[in-house]
Amino acid sequence: MSDSNHDGAGETAHRHEGTIAHDAVTRRDAAVRAAVAQGLVGPEAPLVALLDVTGIRASAAALRAAFDQVSADGSRVLHAFAVKATPLVPVLRLLHDAGIGAEVASPGELALARAAGIPSSNIVLDSPAKTTAELREALTLGIALNADNPQELARIDALVAALPAPSHPAAARPTDLPATDTTLTAGTTGATTGGTADAAAIAATRAPAPVGLRVNPQVGSGAIEALSTATTTSKFGVPLRDAGAREWVVRAFLDRPWLTRLHIHSGSQGVALDLIAEGLAATYDLAEEINAKAGRQQIDTIDIGGGLPVNFGSDEQIPTYAAYARLLAERVPGLFDGRYGLVTEFGRSLLAKHGTVLARVEYAKSAGGRPIAVTHAGVQVAARTVYAPESWPLRIAAYDTEGRPKAGEAVAQDIAGPACFAGDLLARDRELPLLAAGDHVAALDTGAYYFAHHYAYNSLARPAVYGFAADDAGGVRFAVVRPAQTVDEIVAESGGAHTTSLTKGL
Ligand SMILES: *Cc1c(COP(=O)(O)O)cnc(C)c1O
């Protein structure tokens, strides 16, 4: 593709995305107005969360189109939404309806995916601390899983050997397979795999579900250390650059014909795309090496994780899935030529832009000359922003008492939450039209890792979550995603049925 072509395509894409952003703002403003008019938010319900169903569908479609665009015809691609990002059953069902599966990392997340009706074949289980029971359940259900470390792989060896053989005929075992070494040492990775299952049995069995191994290419850190998973000392996966580790990984695959996937997830928000691509290239090279040594396409699927960052600075949805897929196809073309199936695990980038926290301003005061809007949205719905404001700044939009965008001269003010500690602020010194009691504030881009990640400080209730879409008459319709938590539920979840257990029970 020539440079001029490339620029032209980029510009078209940019204009197109600009339109999407404009539409999203129009939809959000209409939803806020309707939420106030319909009483979803008001004096009795001063906090709600809204999800833009049209926007979510558009992102799901954009993701699928982006990978279709760069993949050879007939390629197998499973986009598995990282349930962690927005663990709400109707959201998972909406994504399923849009052709997206689920990546789960705990028994709770697996239960949510199953409650949403997502078939086992569209679910992938990760997590660095799976119990034997969880591993057994996943294998029994036919859910793909990625082992994190040698000890976990040893557990899977034992389970695979013990579980009934899958109904499909076992693949012929290559005759040139090297002799299995039962005392495989893990080099510096700190574990052995031998001892729990007979090595010949391990090699001869077929797993009842696709099994992969998570690797850490150790390519480095992004801007947010806590979200960088490909650092030298990351807790995730087998660290490929540690002494002896790569050799151990190759051996582990050659000894297990049923181990067929490699998994990598280099991090989330703050990790540069180049770094993600570098980690993926390293993983692809490893897959090629293993397949060459195995003399067949033993690794048939590469799980490239999620981690596409989100733009929290404006309504523009950048970087786009299309740009990301193009970058990967440019850097690792072999990944898209049809020999490998792909799994992706995007979370934040699918949902963040489509969520809005809407809160009523209860009081407007001033201290030391600074105006402060005391609202109902704080640490309980925005823990990351409140505790790490530098890393997680949120845009705030001001709306009036009727839910119309608030006009007026911008004045620096604090947007405070309801919790009883001084740091409970959604924004400091933010230039906005001066807010008054009865107005509303919206915390934007909060569809992932915010209101769905309630933090129970001060026993503040989980707010209701509503999805919204345009109705036929040009209005806005809402559907309950999750009702608000009641105070009775708070009491029940706080040991309300065990009032005297400490005074009389001991
Ligand atoms: C958190 C996580 C994801 C999703 O990350 P996003 O930044 O939300 O896209 C995907 N895969 C794994 C293994 C994760 O831990």
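Taking the stated definitions as given, is T486 outside the structural domain of R370 (by TED's automatic domain parsing) and more than 16 Å from the ligand (Cβ to nearest atom)? Against the criterion (outside the structural domain of R370 (by TED's automatic domain parsing) and more than 16 Å from the ligand (Cβ to nearest atom)), T486 does not qualify.
The single condition among (1) without any contact (Cβ under 8 Å) to a residue 40 or more places away in the chain; (2) part of a strand (DSSP E or B) that A292 does not satisfy is (2).
Identify all residues within segment 120-143 that are away from the ligand (no atom under 15 Å from the Cβ), open to solvent by 50 Å² or more (accessible area, probe 1.4 Å) and outside any helix (DSSP H, G or I); write none if there are none. Hit for segment 120-143 is T131, nothing else.
In segment 64-86, what residues are within 12 Å of the ligand (Cβ to nearest atom), open to solvent by less than 40 Å² (accessible area, probe 1.4 Å) and not β-branched (V, I, T)? Matches in segment 64-86: H79, A80, F81, A82, A85.
Taken together, the criteria place Y321 among residues that are in the same structural domain as T301 (by TED's automatic domain parsing), among the aromatic types (F, W, Y) and within 23 Å of the chain's Cα centre (by Cα). Of all positions in segment 362-375, at least one carries a residue that is surrounded by 22 or more Cβ atoms within 10 Å (Cβ to Cβ), more than 13 Å from the ligand (Cβ to nearest atom) and outside the structural domain of F253 (by TED's automatic domain parsing). For T344, indicate whether it is of a type in the set (S, T, Y), within 19 Å of V238 (Cβ to Cβ), open to solvent by less than 30 Å² (accessible area, probe 1.4 Å) and within 16 Å of the ligand (Cβ to nearest atom). No; evaluated as a whole, the condition is false for this residue.
The values are calculated or read from the model by the stated rules, or taken from the named source; none is laboratory data. Keep in mind that this is a model prediction, so the values were computed, not measured. No Cβ is skipped: glycine too gets one built from the backbone with ideal geometry, and neighbour counts run over all protein chains shown. Keep in mind that these areas ignore ligands, DNA and RNA; they rest on the heavy atoms of the full protein, side chains included. Shrake-Rupley method; radii C 1.70, N 1.55, O 1.52, S 1.80 Å.
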